[in-house]
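Trainee: Starting off with a structure, shown below.
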Amino acid sequence: MGRFEEAHPDIGVRTIVVGSGEALELGRRGDVDVIIAHAPEAEARFVAGGYSTRREPLMSNDFVLVGPPDDPARAGLTPHPARALAVIARAGGPFVSRGDSSGTHERELALWRSSGEEPGRPWYLETGQGQGTTLQIASERRAYALTDRATFDVLRDILELAVLVDDHPELVNQYSVILPSNGSHVAEATRLADWLTSEAGQTAIGSFRLPGAATPLFRPARASTPAESGVP
């Protein structure tokens, strides 16, 4: 949020990094003023329950199915993520899930429903942890996992995992900015949401890259944002 604070020196932003489910629960309790989440179904329930005064598309990237580079289950032979999960289930995994009601976990469960298979022990493990820890466990166990691409790109060099299925419509990962209806700093939260969805904020999102990376980690929601040029 450095660029926002530079433009608005009278507002300080404290960031709390949690899964989308926990972020929405913090919003229900009035413990946060702005939420950035990527769990569309849970977000819709949050709004329908009267907990939000504003929800707007902010940015997107994608989910990817990762696993051991030699892909023993041969999940990467199909480009369809739900079918790939079915292949993993029939092969007995192993599969490591966040299991934490996050946006990634929500999408994983939706893909399992589409797959027609029921994940379960002994080959299915729920960590109850964040994405980084879950990926490290998957790497150690030579297991499969669903992750957002940004986290995987950040940790890629320390993981023995490879992207096996990506670039599918069911793997689009949409983020929204949400203002809880019972926040404590409504005016300041509104200014932050306004900036994030403005041309300045969207340009900042579209220009954010890992060192040496050719493409940004996220695609801004505003298609006309110049910084999105060249983003796949």
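The values are calculated or read from the model by the stated rules, or taken from the named source; none is laboratory data. Predicted model only: the values in this text are computed from it and were never measured. So basically every Cβ, Gly included, is an ideal-geometry build from the backbone, and we count neighbours across all protein chains shown. Heavy atoms of the whole protein, side chains included, go into the accessibility calculation; ligands, DNA and RNA do not. Shrake-Rupley method; radii C 1.70, N 1.55, O 1.52, S 1.80 Å.
Trainee: Would you confirm, using the coordinates I've provided, whether residue 50 is buried (at least 16 other Cβ atoms within 10 Å of the Cβ), touching a residue at least 40 places away in the same chain (Cβ under 8 Å), of a type in the set (Gly, Ala, Ser) and out of contact with any Cys (no Cβ under 8 Å at 6 or more places or on another chain)?
Mentor: It is false that residue 50 is buried (at least 16 other Cβ atoms within 10 Å of the Cβ), touching a residue at least 40 places away in the same chain (Cβ under 8 Å), of a type in the set (Gly, Ala, Ser) and out of contact with any Cys (no Cβ under 8 Å at 6 or more places or on another chain).
Trainee: Just the residues that are open to solvent by 10 Å² or more (accessible area, probe 1.4 Å), assigned to a helix (DSSP H, G or I) and in contact (Cβ under 8 Å) with a residue 12 or more places away in the chain, please, taken from region 30-46. Walk me through it before giving the result.
Mentor: So the first thing to find is which residues in region 30-46 are open to solvent by 10 Å² or more (accessible area, probe 1.4 Å), and the list is 30-34, 36, 38, 40-42, 44-45.
Now narrow it down to the ones that are assigned to a helix (DSSP H, G or I): 40-42, 44-45.
Listed by number, the residues that qualify are 40, 41, 42.
Trainee: Do we have residue 119 as touching a Ser or Thr at 6+ places or on another chain (Cβ under 9 Å), of a type outside the set (S, T, N, Q), buried (at least 17 other Cβ atoms within 10 Å of the Cβ) and free of Cβ contacts under 8 Å to residues at least 60 places away in the same chain here?
Mentor: Spelling it out, residue 119 is indeed touching a Ser or Thr at 6+ places or on another chain (Cβ under 9 Å), of a type outside the set (S, T, N, Q), buried (at least 17 other Cβ atoms within 10 Å of the Cβ) and free of Cβ contacts under 8 Å to residues at least 60 places away in the same chain.
Trainee: Under 8 Å between Cβ atoms, at least 6 apart or on separate chains: pull out the pairs that start in region 154-171 with a residue that is over 15 Å from residue 111 (Cα atoms) and end on any residue that is modelled with pLDDT under 95 and aliphatic (A, V, I, L, M).
Mentor: Partner pairs satisfying both residue conditions: 154/210.
Trainee: Only one of 90, 141, 98, 107 is surrounded by fewer than 15 Cβ atoms within 10 Å (Cβ to Cβ) and either out of contact with any helix residue (DSSP H, G or I) (no Cβ under 6 Å at 6 or more places or on another chain) or not aliphatic (A, V, I, L, M) (or both). Can you tell me which?
Mentor: Numbers: 141 fails: surrounded by fewer than 15 Cβ atoms within 10 Å (Cβ to Cβ); 98 fails: surrounded by fewer than 15 Cβ atoms within 10 Å (Cβ to Cβ); 107 fails: surrounded by fewer than 15 Cβ atoms within 10 Å (Cβ to Cβ).
None of the other options fit; the residue is 90.
Trainee: Among the residues of region 63-81, count how many are crowded, with 19+ Cβ neighbours inside 10 Å and in contact with a helix residue (DSSP H, G or I) (Cβ under 8 Å, 6 or more places away or on another chain).
Mentor: Within region 63-81, residues that are crowded, with 19+ Cβ neighbours inside 10 Å and in contact with a helix residue (DSSP H, G or I) (Cβ under 8 Å, 6 or more places away or on another chain) number 9.
Trainee: Considering only region 108-153, how many residues are assigned to a helix (DSSP H, G or I), within 16 Å of the chain's Cα centre (by Cα) and not basic (Lys, Arg)? Don't jump to the end; show me each part of the working.
Mentor: Here is the first cut: in region 108-153, the ones assigned to a helix (DSSP H, G or I) are 108-115, 131-140, 149-153.
After this cut, where a residue has to be within 16 Å of the chain's Cα centre (by Cα) as well, the list is 108-111, 131-135, 149-153.
Checking the rest, the ones that are also not basic (Lys, Arg) come to 108-111, 131-135, 150-153.
Residues that pass the stated criteria total 13.
Trainee: With 13, 87, 18, 64 as the choices, which residue is among the aliphatic types (A, V, I, L, M), closer than 22 Å to residue 208 by Cβ and over 20 Å from the mean Cα position of the chain (by Cα)?
Mentor: Selected residue: 13, the only one of 13, 87, 18, 64 that is among the aliphatic types (A, V, I, L, M), closer than 22 Å to residue 208 by Cβ and over 20 Å from the mean Cα position of the chain (by Cα).
Trainee: Here is a check on your reading of the model: is residue 121 among the basic types (Lys, Arg) and modelled with pLDDT of 95 or more?
Mentor: So residue 121 fails the test.
So that you can scan it fast, the table gives a plain yes or no per residue for (1) modelled with pLDDT of 95 or more; (2) of a type in the set (D, E, K, R):
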site: 5; (1), (2): no, yes
site: 18; (1), (2): no, no
site: 21; (1), (2): no, no
site: 46; (1), (2): yes, no
site: 70; (1), (2): yes, yes
